[in-house]
Structures are given as structure tokens and as C-alpha cells.
């Protein structure tokens with residue numbers, strides 16, 4: 001439905017099937033973490049999803065705002081499940097759990113503050129709701145995955161570009177939160193020598209100290225995990241354009 005040249009909306013109803021990948025089916029055991037071995041499950045069934053989604057968008061020269069609201073009814077959900085074994089360690093594999101309901105909301109926008117400065121914002125939530133039986137037997141918890149992002153670009157002149165990307169993620173599983181983290185990227189690009197030389201300096205997490213947090217709960221165990229990585233990545237790239245454009249004057253035929 002188009003309300004005007006700038007405002008429009010759509011409703012989508014679809015049914016999809018998700019088949020497990022090779023990694024999710026592979027029964028080979030991964031011993032990378034001696035306290036939590038991982039392996040695939042060749043017996044898991046595909047997941048069938050019925051989806052209803054509503055989209056609403058506003059688009060103009062300086063402002064774009066888009067949103068989506070959706071509901072999913074999912075059958076034979078398969079996901080990673082962590083269990084405690086007799087040795088006191090845990091194992092993680094893929095299993096089909098009962099049906100679940102999903103709700104998701106997403107917003108994203110682009111704002112042109114000036115011709116030289118542009119900002120993009122995005123945010124979303126994906127909420128999972130499990131059956132009462134799973135909550136009692138397996139301690140499953142209703143929960144949501146969240147993300148928020150901020151991107152911007154600034155061009156003080158035609159030869160210089162500054163870009164930055166900041167994002168927060170929190171991923172939920174039936175047993176809790178698998179991980180949450182904040183990442184940051186920033187880059188500076190400069191063109192020289194009639195735009196033949198391109199110099200790019202970029203940094204990922206320039207302030208370091210990226211934090212990860214997780215929570216997993218089962219019928220007979222609770223695991224809280226925290227980790228901090230102090231890694232700063234910097235990259236310098238210099239490129240030169242060798243190609244040259246030649247023009248040839250055509251003489252008219254006599």
C-alpha cells in the first residue's frame with residue numbers, strides 16, 4: 001500500500017523450511033574445549049516456519065525510516081543444547097525441541113545531516129517464546145536477541161572520507177544468553193596524486209577490552225561465563241592506480 005510518494009507499507013505471508021547444514025549434521029566430536037565437547041546430530045529434522053510480516057517505510061531526500069514487525073510459528077525447532085554428562089563436563093549438540101513462537105521488531109534509518117555528514121541507525125529485537133512443558137522439563141527461558149548499530153560517514157572534501165561503525169549484540173538461546181558484546185570500527189581514507197594513490201587507515205576495537213558475557217541453565221546445572229579480550233587491530237593499506245585513459249581522435253572518411 002502506497003499512502004504517498006514517500007510513505008508505503010507491505011504485508012507478507014510466507015512459509016519457509018530450514019534444513020540443517022553440514023556442520024549441524026556432522027557427528028565428529030570437537031575437543032577444542034576439553035570442558036565442553038561439541039558435535040553435530042545427523043538425526044535432526046528440518047524446521048518449518050510460518051511467517052507474517054508488516055513493513056512500513058518513509059523515504060525522502062534527507063531522511064529514510066524503515067521498520068518491520070513480524071510473527072513466526074515454528075515447528076520442530078533445532079538449536080544447540082548443552083547438557084551435563086556423568087564426568088562432570090558438558091556436551092553441546094543440535095536437537096529438535098518443541099514448537100515455539102517468535103516475535104521480531106526491526107528499525108533502520110538513514111539521515112543526511114549535511115551533504116558531507118551522513119548517519120545510519122539500526123536496532124532490532126527477536127523474542128522467542130517456548131512451550132510450558134519445555135520450561136518445566138528443560139528449564140528453557142523465554143528471551144530475546146537484541147542488536148543496536150550506529151554508522152556514520154564524513155567527507156570534509158572530495159579526497160577524504162572518515163567512516164565509523166559501532167554495534168552491540170546480545171544473542172539468546174533456549175538455555176539463556178550465548179554471548180553479548182560491543183564492537184567498534186573506524187577508518188580514514190585519503191586520495192593523493194590526482195586520485196591515483198589511495199591511503200586507508202582502519203582500526204578495529206582501538207580501545208581494546210572487548211567483553212563477552214554468557215549464561216546457560218539446564219535441569220541440573222548453571223553456567224555463567226565472562227571473558228575479556230584486549231586486542232587492538234590496526235591496518236594500513238596503500239594502493240596505486242596504474243591504468244590510464246587514452247583518447248583517439250577520429251578523422252572523417254573522405
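Considering only alpha-carbon pairs that sit under 8 angstrom and 6 or more positions apart, the relative contact order computed for the stretch 60-134 is 33 percent. GNM on the chain, alpha-carbon springs under 10 angstrom: the most fluctuating residue among 88, 57, 149 is 88. Ranked for footprinting exposure by Cβ neighbours inside 10 Å, fewest first, 58, 240 give 240, 58.
Computed on the stretch 115-254, with alpha-carbon pairs under 8 angstrom and 6+ residues apart, the relative contact order is 18 percent. Where in the stretch 58-87 does the amide nitrogen come within less than 18 Å of the point 7 Å from the Cα of residue 31, taken along Cα to Cβ? 85-87, by backbone N distance to the label point.
From least to most packed, judged by other beta carbons within 10 angstrom and beginning with the fewest, 13, 113, 65 follow the order 13, 113, 65. Who wins for biggest fluctuation among 115, 211, 135 in a Gaussian network model of the chain, springs between alpha carbons below 10 Å? Top of the fluctuation ranking is 115. For the stretch 7-240, averaging the sequence separation of C-alpha pairs within contact (under 8 Å, six or more residues apart) and dividing by the residue count gives a relative contact order of 12 percent. Taking other C-beta atoms within 10 angstrom as a stand-in for reagent exposure, 2, 217, 101 fall in the order 2, 101, 217, fewest first.
Between 35, 152, 130, the GNM of the chain built on Cα springs shorter than 10 angstrom shows 35 fluctuating the most. Rounded to 0.05, the FRET efficiency of the residue 60 and residue 15 pair, given R0 = 25 Å and the Cβ-Cβ distance, is 0.10. Distance between the pseudo-spin-label points of residue 184 and residue 22 (7 Å out from Cα toward the beta carbon): 3.9 nm.
Given a Förster radius of 22 Å and the C-beta distance between residue 220 and residue 171 as r, what FRET efficiency does 1/(1 + (r/R0)^6) yield to the nearest 0.05? Taking R0 as 22 Å, the efficiency between residue 220 and residue 171 is 0.40.
Every number in this text was worked out from the coordinates using simple rules, so none of it is lab data. In this text the structure is predicted, and so the values were computed from the model without any measurement. Ideal geometry is used to build each Cβ from the backbone, glycine not excepted, and the neighbour counts take in all protein chains shown.
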